[in-house]
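Here's the structure, in structure tokens; my notes come after.
The values are calculated or read from the model by the stated rules, or taken from the named source; none is laboratory data. These numbers come from a predicted model, not from an experiment. Neighbour counts run over all protein chains shown; Cβ positions are idealised from the backbone, glycine included.
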């Protein structure tokens with residue numbers, strides 16, 4: 001699980017950077033930026049933990065998540081211009097992040113004995129609701145409610161995880177395959193400009 | 001409890017339709033519409049469950065609620081125009097919904113041993129905070145903060161439930177009477193254009 | 001603890017007044033004002049309680065908090081003009097309030113066995129997130145994300161509490177010293193017009 005734990009921390013770091021950059025655009029001060037970084041990075045998993053009754057919530061028990069977020073804020077503060085040049089790298093790690101957050105969310109929900117349907121929902125919530133909270137706190141309409149295929153990629157990746165996890169494949173591989181599905185779908189959607197239909 | 005369970009599912013269905021229609025007005029995509037439908041339908045009860053420590057929250061344990069919400073989204077998607085012609089029917093079921101959600105919220109809070117005052121609050125939260133979350137996620141000021149008598153009807157209906165539930169009347173009747181009070185007050189308020197005073 | 005309990009209730013009262021006044025500015029009705037008063041007064045502590053798993057949340061177990069909030073709404077409704085003349089008194093009690101809420105938040109988080117870093121965060125959340133919820137429900141960008149030193153005063157006061165609480169000073173004094181630090185820092189910041197830097 002070492003690689004997975006590392007990816008989880010990197011995902012947290014990248015999400016926190018995205019929160020800090022959103023705060024900078026809104027001209028928030030450092031405190032506001034810290035709140036936004038924090039909420040973007042762990043907000044989704046926090047909502048999941050609260051809903052399934054897994055309290056105190058996850059990041060309270062492992063300070064490495066806080067340290068990653070603190071680092072992300074500092075890096076954003078001192079190297080903002082450099083980060084903006086790394087858009088492709090950021091996109092990659094953000095997508096790995098949502099894929100991993102989905103899978104870990106599904107996994108921890110299943111562990112409480114809840115049904116796979118609920119686990120799939122909670123996995124997607126873990127991945128995308130940090131961004132929803134970020135947008136609500138910035139007084140914006142949540143981006144993912146009208147954006148390209150984003151949550152959908154999580155839903156499909158989570159579904160793949162649920163379907164293949166009992167096939168005897170080593171767990172790390174199950175996770176990597178599910179994340180790869182998320183990355184594949186999202187990359188394709190962005191490249192082809194795909195998006196979900198609207199209600200007329 | 002069979003009729004009451006059925007009404008609960010119908011209330012969930014109608015609330016989910018109202019969430020989907022709000023999403024359509026905001027030009028959200030299907031994912032955004034699903035989130036809004038979901039939050040409108042079960043958000044109030046979820047907040048109640050989280051606050052009183054009833055986790056995993058209610059709808060996670062009975063998939064019929066999710067199925068109703070899924071149905072509501074499909075129906076809204078394919079029959080939006082027809083629904084808009086059914087405004088009176090929607091209003092009726094919405095009002096039955098808030099009445100029932102209030103009563104069930106009061107009931108489940110009392111069951112945890114909390115005081116009737118808190119139960120009354122939590123009943124009203126169950127009924128109206130789904131709509132508050134819907135408005136917050138749509139980046140709107142919550143409608144019920146300046147609308148006609150709506151939460152007030154829930155408060156009075158919940159109070160009636162608390163007062164008469166130990167008088168020896170069969171429980172189903174206690175519930176029907178309380179819901180009837182909610183329907184009566186709200187209908188009267190809408191017809192007479194009544195609303196709460198403001199703070200000057 | 002009698003004086004501290006009294007201060008806690010006064011802090012709740014003052015926060016509820018600030019919520020009611022925000023509602024009046026937004027032209028909410030009495031119900032909206034009650035929600036905003038309530039959320040401003042106990043929202044921060046509620047988020048803390050939910051995150052650390054302390055449910056049912058605190059104010060549900062002691063109705064005096066609700067009574068204070070009810071009083072605050074009545075007072076705001078009937079004496080709004082007088083309150084606005086009391087700006088300095090309100091500022092003082094608001095600052096005592098955030099100081100005390102911080103300390104009590106740190107204390108109750110430490111009591112669950114969580115680490116001091118998390119306790120410090122949860123203390124600050126207790127003090128300032130009621131205001132964040134008030135602003136989100138009013139469809140405003142949270143004021144403290146771009147305002148003067150406010151949360152920072154809480155963080156430093158909370159840190160002082162954590163550092164000195166095991167030095168053998170009587171607990172009441174530890175609390176008073178920590179609150180004094182919050183008051184001192186915030187007053188200084190307001191007088192000198194200090195604020196946190198932004199991310200460029």
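Just wondering, is there one or more residues in region B:32-46 that are more than 25 Å from residue C:50 (Cβ to Cβ), at the interface with chain A (Cβ under 9 Å from one of its Cβ atoms) and at pLDDT below 95? So far as region B:32-46 goes, yes, one or more of its residues are more than 25 Å from residue C:50 (Cβ to Cβ), at the interface with chain A (Cβ under 9 Å from one of its Cβ atoms) and at pLDDT below 95. Please verify whether region C:74-84 includes one or more residues that are within 17 Å of the chain's Cα centre (by Cα), more than 29 Å from residue B:137 (Cα to Cα) and in a helix (DSSP H, G or I). Within region C:74-84, not a single residue is within 17 Å of the chain's Cα centre (by Cα), more than 29 Å from residue B:137 (Cα to Cα) and in a helix (DSSP H, G or I). With respect to (1) at pLDDT 90 or above; (2) within 13 Å of another protein chain (Cβ to nearest Cβ), the lone exception for residue A:195 is condition (1).
Mind listing whichever residues of region B:43-55 are surrounded by fewer than 20 Cβ atoms within 10 Å (Cβ to Cβ) and either more than 30 Å from residue C:46 (Cβ to Cβ) or without any contact (Cβ under 8 Å) to a residue 40 or more places away in the chain (or both)? Passing the criteria: none in range. Close contacts from region C:135-163, counting a first residue that is farther than 16 Å from residue C:21 by Cα and within 7 Å of chain A (Cβ to nearest Cβ) and a second that is at pLDDT 90 or above and assigned to a loop (DSSP other than H, G, I, E, B), with Cβ to Cβ under 8 Å and a gap of 6+ residues or different chains, come to C:141/A:138; C:141/A:139; C:145/A:28; C:146/A:28.
Flag set for residue B:58, criterion: within 24 Å of residue A:111 (Cβ to Cβ) and either at pLDDT 95 or above or within 11 Å of chain A (Cβ to nearest Cβ) (or both). Consider region C:10-33 and keep the residues that are more than 17 Å from the chain's Cα centre (by Cα) and part of a helix (DSSP H, G or I). The one that is farthest from residue C:136 (Cα to Cα) is C:30.
Please verify whether residue A:112 is over 21 Å from residue A:2 (Cβ atoms) and within 17 Å of the chain's Cα centre (by Cα), treating the condition exactly as stated. Spelling it out, it is not the case that residue A:112 is over 21 Å from residue A:2 (Cβ atoms) and within 17 Å of the chain's Cα centre (by Cα).
Of the numbered conditions (1) farther than 30 Å from residue C:144 by Cα; (2) touching a helix residue (DSSP H, G or I) at 6+ places or on another chain (Cβ under 9 Å); (3) modelled with pLDDT of 90 or more, residue A:170 satisfies every one except a single condition; which is it? Here residue A:170 clears every test but (2). Might you let me know whether region B:117-127 holds any residue that is more than 7 Å from chain C (Cβ to nearest Cβ), in contact with a helix residue (DSSP H, G or I) (Cβ under 7 Å, 6 or more places away or on another chain) and either surrounded by fewer than 23 Cβ atoms within 10 Å (Cβ to Cβ) or more than 30 Å from residue A:145 (Cα to Cα) (or both)? Yes, there is a match, as at least one residue in region B:117-127 is more than 7 Å from chain C (Cβ to nearest Cβ), in contact with a helix residue (DSSP H, G or I) (Cβ under 7 Å, 6 or more places away or on another chain) and either surrounded by fewer than 23 Cβ atoms within 10 Å (Cβ to Cβ) or more than 30 Å from residue A:145 (Cα to Cα) (or both).
Conditions tested, residue by residue: (1) more than 9 Å from chain A (Cβ to nearest Cβ); (2) modelled with pLDDT of 95 or more.
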{"site": "B:7", "(1), (2)": "yes, no"}
{"site": "B:10", "(1), (2)": "yes, no"}
{"site": "B:28", "(1), (2)": "no, no"}
{"site": "B:69", "(1), (2)": "yes, yes"}
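Residues in region A:71-110 that are within 11 Å of chain C (Cβ to nearest Cβ), touching a residue at least 40 places away in the same chain (Cβ under 8 Å) and surrounded by fewer than 16 Cβ atoms within 10 Å (Cβ to Cβ): A:80 only.
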